[in-house]
Amino acid sequence: MDCLATAALGAPVCVIHNCTSIFMGADPDPILMHDLSFDMFSRIITFAKQNDIKIATETFGDAVVFNCCDFFGNIEEFEKAYNRIDEVAELRDYFAVCMDTGHSNKAMRYGNPTPAEIIRRLGSKITVLHLNDNDTLKDQHKIPMTGVIDWNEVFNALDEINYDGVYNMELNLKHFYFL
């Protein structure tokens, strides 16, 4: 349904979360997680190709229920999942990354890099942004510069990777004080 809506609206990319480990406990089977991810995205990308859109996997954060990093919130696991799809020639051109600064900021509590470091690491794979801020504890979707993210570093990193896409904010409207 998301792919159909994306195509109908004329949007070039549909952002989809990777599978989450929240239902599998704090220590999920890595092979199972990667197989689920590959199966999910390869099926969705096949459908996306038919609609001439891309799928962007979104950077992840924590698994609040277990007070740990979600499996794909770990940047190494995220990259492995991305690279597995990227290695398949017929899928590669329809797959990208959505950098969610808020999710990445939450994963930082568990030893992951800062949002700016993740941007530098993922580089040209990033084609979509979900810019939002938080306190590292909750997925608040606050207005940039109202949480703890170093926005100078984020924008410097985006400049360094020559990001030329849309600067899209994913915000919770309750943080707009006039509402």
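Rule-based calculations on the coordinates, nothing more; no lab input. It should be emphasised that the depicted structure is a prediction, and the values quoted were computed from it without experimental measurement. Positions of Cβ are backbone-derived with ideal geometry, glycine not excepted, and every protein chain shown enters the neighbour counts.
Tabulated values for the structure
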| read-out | value |
| --- | --- |
| Dipole magnitude of the chain, debye to nearest 20 (Cβ charges: Lys/Arg +1, Asp/Glu -1, about Cα centre) | 320 |
| For region 1-58 versus region 108-144, the gap between their alpha-carbon centres in whole angstrom | 19 |
| Assigned charges on the beta-carbon of Lys, Arg, Asp, Glu; region 22-116 dipole about Cα centre (debye) | 200 |
| Projected label distance in nm at Lys174 and Ile161, using a 7 Å step from Cα toward the beta-carbon | 3.0 |
| Under-5 Å amide H pairs with Asp100, H placed in peptide plane, nonlocal only | Thr59, His130 |
| Hydrodynamic radius of region 2-175 per Kirkwood, over alpha carbon pairs, in Å | 16.3 |
| Computed label-point distance, nm, for sites Lys138 and Thr46 using a 7 Å Cα→Cβ extension | 4.2 |
| Most positive-pole-ward Cα, Val166, Phe60, Ile119, against dipole of the chain from beta carbon charges | Val166 |
| Coordinate range along principal axes, alpha carbons of region 60-120, Å, largest first | 37, 23, 14 |
| Count of Lys pairs (Cα-Cα under 16 Å; at least 8 positions apart or interchain) in region 2-175 | 6 |
| Order of Tyr167, Tyr110 under a 10 Å beta carbon neighbour criterion, fewest first | Tyr167, Tyr110 |
| Net charge over other residues, Cβ less than 9 angstrom from the Cβ of Thr114 (K, R count +1; D, E count -1) | -3 |
| Sequence of Phe41, Phe47, Phe72 once ranked by neighbouring C-beta atoms within 10 Å, starting from the fewest | Phe47, Phe41, Phe72 |
